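To start, the structure itself, in structure tokens.
The values are calculated or read from the model by the stated rules, or taken from the named source; none is laboratory data. Here the structure is a predicted model, which is why all the values come from computation and not from measurement. Neighbour counts run over all protein chains shown; Cβ positions are idealised from the backbone, glycine included.
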Amino acid sequence: MLTDIIKKEQFNPGIIGIFTNPFYFSRRGLFRAMRDLGSELSGRLLDIGCGTKPYEPYLSVQEYIGVEIDTERSRTTSKADLFYDGTRIPCEDGAFDAVLANEVFEHVFNPDAFLMEVNRVLKPGGKFLITVPFVWDEHEQPHDYARYTSFGLVHILRAHGFEVVRHSKSVSDTRVIFQLINEYIYKKTYVQSPVLRQLLNTLLISPWTCLGIVLSAVLPSNPDLYLDNIILVRKVSNA
């Protein structure tokens, strides 16, 4: 069905996503990160802020456990296996071989406490894959607390017992500008009707997406201006 195709294109956008997904550039960059770095994760994995677990099919782990903040919305819309109060993850020390936090860290009010919990539930040598937006508008208000530079993220991760394995910047070219244009149009034309909303996405947003694709192929990149930090780290000491 068309709705199933559009739903699939939300987190793994291809050609159809150009015309249906207002977050095409961001989501495509994140999908590629999950695909490329997901092979580094193994064993028992905890996905913090898992939502609908959109990347579970692309991670070859033995056990995939999702945890969400305990709210009425998350209990009805997420695929979480566990729920917590946002402070202490309800798992034993060293319970996981890997942890994933995809577009979650900017919503954490106390990053030090959060990273201490990630460190606690990871086994020694366990890996932590974190993606964090750098250029993005405020979202999920009022629970949007911070933006981090690449240097700030590396510093805070090292300070909590992690060493960087791989670090990349997702979408570091003119597509950043067009993603922001698309986000602006999306918010200003948002309507409750899914059908009308999708029509507006196709008519008003997809032309900018197409233009961004063309210009990104001919204009130089800029590693100082990008959408997301993608960092894979390893636990080397207790926090």
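Below are the figures for this structure:
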item: Options V165, V171; residue that is in contact with a helix residue (DSSP H, G or I) (Cβ under 8 Å, 6 or more places away or on another chain), surrounded by fewer than 15 Cβ atoms within 10 Å (Cβ to Cβ) and in contact (Cβ under 8 Å) with a residue 24 or more places away in the chain; result: V165
item: Inter-residue pairs, beta-carbon under 7 Å, first under 21 Å from V108 (Cβ atoms) and in segment 63-80, second assigned to a strand (DSSP E or B) and among the β-branched types (V, I, T), 6+ apart; result: V67/I48; A80/V67
item: Leading residue by the ranking (surrounded by the most Cβ atoms within 10 Å (Cβ to Cβ)) among those in segment 95-116 that are assigned to a helix (DSSP H, G or I) and either of a type in the set (D, E, K, R) or in contact (Cβ under 8 Å) with a residue 40 or more places away in the chain (or both); result: F105
item: Some residue of segment 214-223 being surrounded by 15 or more Cβ atoms within 10 Å (Cβ to Cβ), assigned to a helix (DSSP H, G or I) and of a type outside the set (S, T, Y); result: no
item: Pair list, Cβ under 9 Å, 6 or more apart: segment 40-55 residue within 11 Å of F128 (Cβ to Cβ), other residue aromatic (F, W, Y) and surrounded by 22 or more Cβ atoms within 10 Å (Cβ to Cβ); result: L45/F96; L46/F96
item: Count of segment 1-47 residues which are in contact with a Gly (Cβ under 6 Å, 6 or more places away or on another chain) and of a type outside the set (D, E); result: 1
item: E92 in contact (Cβ under 8 Å) with a residue 24 or more places away in the chain, surrounded by fewer than 21 Cβ atoms within 10 Å (Cβ to Cβ) and assigned to a helix (DSSP H, G or I); result: no
item: Residue match in segment 133-148 (condition: under 18 Å from N229 (Cα atoms), hydroxyl-bearing (S, T, Y) and without any contact (Cβ under 8 Å) to a residue 60 or more places away in the chain); result: yes
item: Total residues in segment 9-26, condition in a helix (DSSP H, G or I), over 16 Å from the mean Cα position of the chain (by Cα) and not β-branched (V, I, T); result: 2
item: Residue ID - nearest to N119 (Cα to Cα), chosen from residues in segment 27-68 that are aromatic (F, W, Y) and not in a helix (DSSP H, G or I); result: Y64
item: Residue tally, condition under 19 Å from S168 (Cβ atoms), at pLDDT below 95 and either loosely packed, with under 14 Cβ neighbours inside 10 Å or not charged (D, E, K, R) (or both), over segment 37-56; result: 4
item: Candidates L157, L180 - the one that is closer than 23 Å to D36 by Cα, part of a helix (DSSP H, G or I) and touching a residue at least 40 places away in the same chain (Cβ under 8 Å); result: L157
